[in-house]
Amino acid sequence: MENKYSIVFIPNTTIINEVKKMKIQLSDKIGWFNSKNSTAHITICEFSSNEIDVIKNQISRITAAFSPFEVKLVDYDSYPNGAFFIKLSESSKDDLKKIMKNLTTTLIIKNMYKSTDPHLSIARKLDAEKLKIASILFQKTELMFLCDRVYLRKFNPEIKQFEIKDSFLFKSEKSNDNIQFNLF
């Protein structure tokens, strides 16, 4: 059986703790909800594999060329499927999408779920009434973090949560392709 993994952006500890408080505050009003116990993250992709060492090498090679940048979380919103989340500024969203697209199109992984709209989930699968409560409870935010790496997480079936297994730092390195191109 293949293991289930995800690649994500994870904000700083301050934002992680703030999101945790939001989830507790929301659960006090509406009870349990999907994502209640999930640590704050922005999903890039999910996949299953037994070839994780090969994939880790690919991620490391790809992310070495990325440069760190600031991500701004600016508002709350929801999707029709009942997800309630923190929205990113348009420029932060564009920056994250570039990295997400680069990773998901370059990685050689079968049956990958690719996220296409970066957001930081607070809750998932809320009905209309619970979404309304969440949107009244949380109306304005402005948070920032330095995005300087991506994380590889592995699903733990015992606790039914993903756990961080590795991180891949953005090193602002030129890729070998660019170096070779620049020589000629």
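The values are calculated or read from the model by the stated rules, or taken from the named source; none is laboratory data. What you see is a predicted model, and the numbers here were worked out from it, not measured in a lab. No Cβ is skipped: glycine too gets one built from the backbone with ideal geometry, and neighbour counts run over all protein chains shown. Heavy atoms of the whole protein, side chains included, go into the accessibility calculation; ligands, DNA and RNA do not. Shrake-Rupley method; radii C 1.70, N 1.55, O 1.52, S 1.80 Å.
So here's what we get for this one:
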item	result
Residue that is farther than 27 Å from ILE24 by Cβ, touching a helix residue (DSSP H, G or I) at 6+ places or on another chain (Cβ under 8 Å), surrounded by fewer than 16 Cβ atoms within 10 Å (Cβ to Cβ) and not aromatic (Phe, Trp, Tyr), where the choices are ASN111, ASN102	ASN102
Condition broken by MET100, with the remaining ones in (1) in contact with a Pro (Cβ under 8 Å, 6 or more places away or on another chain); (2) assigned to a loop (DSSP other than H, G, I, E, B); (3) under 22 Å from SER49 (Cβ atoms) satisfied	(2)
Members of segment 85-97 found to be under 14 Å from VAL8 (Cα atoms) and either modelled with pLDDT under 95 or open to solvent by 70 Å² or more (accessible area, probe 1.4 Å) (or both), listed by number	LYS97
Sole exception among (1) closer than 22 Å to THR116 by Cα; (2) open to solvent by less than 60 Å² (accessible area, probe 1.4 Å) for THR39, by number	(2)
Within segment 141-168, tally of residues that are within 15 Å of the chain's Cα centre (by Cα) and either at pLDDT 95 or above or hydroxyl-bearing (Ser, Thr, Tyr) (or both)	19
Top-ranked residue of segment 114-146 - restricted to ones that are in contact with a Phe, Trp or Tyr (Cβ under 8 Å, 6 or more places away or on another chain) and over 24 Å from VAL71 (Cβ atoms), ranked as surrounded by the fewest Cβ atoms within 10 Å (Cβ to Cβ)	LYS125
Hits in segment 50-84 - residues which are of a type in the set (Ser, Thr, Tyr) and in contact with a helix residue (DSSP H, G or I) (Cβ under 6 Å, 6 or more places away or on another chain)	SER78
Residues satisfying the stated conditions in segment 156-173, i.e. of a type in the set (Val, Ile, Thr) and part of a loop (DSSP other than H, G, I, E, B)	ILE159
All positions within segment 103-120 that are touching a residue at least 60 places away in the same chain (Cβ under 8 Å) and either in a helix (DSSP H, G or I) or of a type in the set (Gly, Ala, Ser) (or both)	LEU103, THR104, SER115
Qualifying residue in segment 149-156 (condition: among the hydrophobic types (A, V, I, L, M, F, W, C), open to solvent by 30 Å² or more (accessible area, probe 1.4 Å), touching a residue at least 24 places away in the same chain (Cβ under 8 Å) and farther than 13 Å from ILE44 by Cβ)	yes
